[in-house]
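Colleague: Handing you a structure now.
The values are calculated or read from the model by the stated rules, or taken from the named source; none is laboratory data. All of these numbers come straight from a predicted model, not from anything done at the bench. Note: ideal-geometry Cβ built from the backbone for every residue, glycine included; neighbour counts use all protein chains shown.
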Amino acid sequence: MQFKNLLFCVIVGLLNFCACQQKVVNVSAQAADNQSVKIDSALAWDGKKIEKTPEEWKKNLDEMAFYVLREKGTERAFTGKYANSKEAGTYCCAACRLPLFDSKTKFDSGTGWPSYYQPIHPKNVGEIVDNSHGMQRVEVVCNRCGGHLGHVFDDGPAPTGLRYCINSVSLILEKK
């Protein structure tokens, strides 16, 4: 029985690894090329950064949120509260409440994490080349507080062709 459980965990882990192993994309250039995507300028980040010490973040975030947002961790696939959510609203950064994604851009990627084909505004998310875990990916961060959100890949649906694969614990849904 233990062997079957171990085998199952290894298979699920490999599937999750493969789901996130894609070529690096220049997300800004790709999104800018697509003029058919409507961007909500009213929700654009104002450019003011939020900086706190790790101790200050720990006071405002639970253990898992701190691990993901501040230490670039990842929640296990299919465990996040927003992975299957279909509720309407705005997904904001769990650390600083900056609007990040509209529920209208959410889709089921089958990866076990909430996925979106575009941010609410390009200024609100940042991109960092991530060479960890023996692969190259593009990390997505909140531009206001620098919190780690997840990664972006070029295998998403139209109109952008992008998949923002985001940790649920990095988000707070403000329902409509």
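Colleague: May I ask you to list the residues in the range 115-142 that are surrounded by fewer than 22 Cβ atoms within 10 Å (Cβ to Cβ), closer than 20 Å to Ile50 by Cα and without any contact (Cβ under 8 Å) to a residue 40 or more places away in the chain?
Modeller: If the condition is that a residue be surrounded by fewer than 22 Cβ atoms within 10 Å (Cβ to Cβ), closer than 20 Å to Ile50 by Cα and without any contact (Cβ under 8 Å) to a residue 40 or more places away in the chain, then Gly126, Ile128, Val141 are the ones that fit.
Colleague: Taking the conditions exactly as written (modelled with pLDDT under 95 and touching a strand residue (DSSP E or B) at 6+ places or on another chain (Cβ under 7 Å)), does Val27 satisfy them or not?
Modeller: Taking the combined requirement at face value, the residue satisfies it.
Colleague: Let me ask another. Hey, could you check the range 64-91 for residues that are assigned to a loop (DSSP other than H, G, I, E, B) and on the phi > 0 side of the Ramachandran plot and say which is surrounded by the most Cβ atoms within 10 Å (Cβ to Cβ)?
Modeller: The extreme case among them is Lys72.
Colleague: Let me ask you something else. Does any residue of the range 143-150 turn out to be crowded, with 21+ Cβ neighbours inside 10 Å, in a loop (DSSP other than H, G, I, E, B) and in contact with a Ser or Thr (Cβ under 8 Å, 6 or more places away or on another chain)?
Modeller: Yes.
Here is a yes/no grid of residues against (1) at pLDDT 70 or above; (2) farther than 29 Å from Met135 by Cα:
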site	(1), (2)
Gln2	no, yes
Ala19	no, no
Gln22	no, no
Val37	no, yes
Lys72	yes, no
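Colleague: Condition first: of a type in the set (S, T, N, Q) and either at pLDDT below 85 or within 16 Å of Ile172 (Cα to Cα) (or both). Now tell me which residues in the range 39-70 satisfy that.
Modeller: Ser41, Asn60
Colleague: May I ask you to say which residue of Lys104, Lys81 is under 19 Å from Val169 (Cβ atoms) and modelled with pLDDT of 95 or more?
Modeller: Lys81 is the lone residue from the list that is under 19 Å from Val169 (Cβ atoms) and modelled with pLDDT of 95 or more.
Colleague: Testing Lys176 on (1) in contact with a strand residue (DSSP E or B) (Cβ under 7 Å, 6 or more places away or on another chain); (2) farther than 24 Å from Trp57 by Cβ; (3) among the charged types (D, E, K, R); (4) modelled with pLDDT of 95 or more, one condition comes back false. Which one is that?
Modeller: Result: Lys176 fails condition (4) only.
Colleague: Condition first: within 14 Å of the chain's Cα centre (by Cα), part of a strand (DSSP E or B) and not small (Gly, Ala, Ser). Now tell me which residues in the range 123-142 satisfy that.
Modeller: Hits for the range 123-142 are Val125, Glu127, Ile128, Asp130, Arg137, Val138, Glu139, Val140, Val141, Cys142.
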